[in-house]
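Remarks on the structure that follows.
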Amino acid sequence: MVTEQDVKAEPKTLDDLWAMNKTVADRLDELIYLQKVALLGPDRIFKFLHNDELVQIGVPFADRDFIQRNIVRTGTYYELRQLEALRASNTIAPNSIIYDVGANIGNHSLYFAKTFRPKKMISIEPQKQALNLLLHNFQLNDLDTQGVVNCMLGSSEGMGDVKNYYPTNLGGTAFKESADGVVPMRTLDAVIAAESGGKVDFVKIDVEGMHVEVLAGAKKMLTEARPSIWIELRLFKGEYAPAAEILAGFGYRQTIKLGVHDYVFAPE
């Protein structure tokens with residue numbers, strides 16, 4: 001909120017004046033945003049239209065969660081620019097089998113389901129609060145929750161645990177392989193075999209730095225099903241080169257750059 005101290009403070013330079021005005025504007029903007037969230041009511045279900053179709057997303061933590069705030073602020077899907085660029089690339093054909101690895105609350109899964117009308121939509125999410133919202137958001141949009149899988153993915157079957165947890169960004173929760181962990185860990189190959197008989201046409205992978213382990217557990221997918229893959233690789237963490245090398249070993253190359261950290265690889 002704007003305080004009496006903000007109002008009484010006297011700027012000494014134009015830079016001070018600019019900084020003061022920006023501080024006041026930012027605080028007013030946040031107040032307006034919080035009022036907008038309050039108007040969602042106790043259920044906090046945000047509704048918007050995309051391509052003339054109603055989308056409903058539960059955003060109970062819209063006052064503080066990064067992705068939920070983004071959805072409410074922009075009035076549409078999170079990362080819509082990347083999603084629309086993917087659609088324009090014709091990478092995904094209608095009636096495809098799509099996997100969303102690291103689905104969070106279902107933002108990308110909802111877009112995939114409503115835009116591409118897949119034959120099967122499998123959404124994998126290990127984080128408990130995000131999983132509950134993912135299931136809720138599928139139900140709000142009349143989508144089959146049978147395709148929601150609660151586990152983390154790794155290089156082998158076993159257990160894992162939370163590595164980093166951020167209350168203000170559920171999507172930033174990171175996991176690690178750990179024999180003493182409490183989170184069930186499966187391989188992507190095992191999930192694909194169980195959920196779609198080993199078939200898959202497109203995979204989105206956003207696993208907060210565990211991509212090497214996920215790819216290590218997807219050798220059969222990479223050699224047999226050979227889907228196109230959208231993968232988040234953070235350059236500032238040096239994630240691109242190791243992943244590109246692994247994928248190149250299976251005959252994959254980068255075909256599209258969707259965003260700063262978002263790349264599509266396809267088999268040559």
Scanning segment 115-147 for residues that are in contact (Cβ under 8 Å) with a residue 40 or more places away in the chain and in a helix (DSSP H, G or I), the one nearest to the chain's Cα centre (by Cα) turns out to be Ala130
Among Pro94, Pro60, the single one that is more than 22 Å from Arg186 (Cα to Cα), touching a Lys or Arg at 6+ places or on another chain (Cβ under 6 Å) and without any contact (Cβ under 8 Å) to a residue 40 or more places away in the chain is Pro94
Picking from Val55, Val7, the residue that is outside any strand (DSSP E or B) and either at pLDDT 85 or above or in contact with a helix residue (DSSP H, G or I) (Cβ under 9 Å, 6 or more places away or on another chain) (or both) would be Val7
Within segment 239-256, the residues that are out of contact with any helix residue (DSSP H, G or I) (no Cβ under 9 Å at 6 or more places or on another chain) and part of a strand (DSSP E or B) are Thr255
Of the residues in segment 63-89, those that are of a type in the set (S, T, N, Q) and either free of Cβ contacts under 8 Å to residues at least 24 places away in the same chain or under 26 Å from Thr173 (Cα atoms) (or both) come to Gln68, Asn70, Thr74, Thr76, Gln82
*For segment 242-252, does any single residue satisfy the condition of being buried (at least 17 other Cβ atoms within 10 Å of the Cβ) and under 15 Å from Ile124 (Cβ atoms)?*
no
Given (1) in a strand (DSSP E or B); (2) free of Cβ contacts under 8 Å to residues at least 40 places away in the same chain; (3) farther than 29 Å from Asn169 by Cβ, Ala266 misses just (2)
In a loop (DSSP other than H, G, I, E, B), at pLDDT 95 or above and surrounded by 10 or more Cβ atoms within 10 Å (Cβ to Cβ), is that true of Phe46?
no
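The values are calculated or read from the model by the stated rules, or taken from the named source; none is laboratory data. Keep in mind it's a predicted model, so treat the numbers as computed, not measured. With ideal geometry, Cβ positions are generated from the backbone for all residues, glycine too; neighbour counts draw on all protein chains shown.
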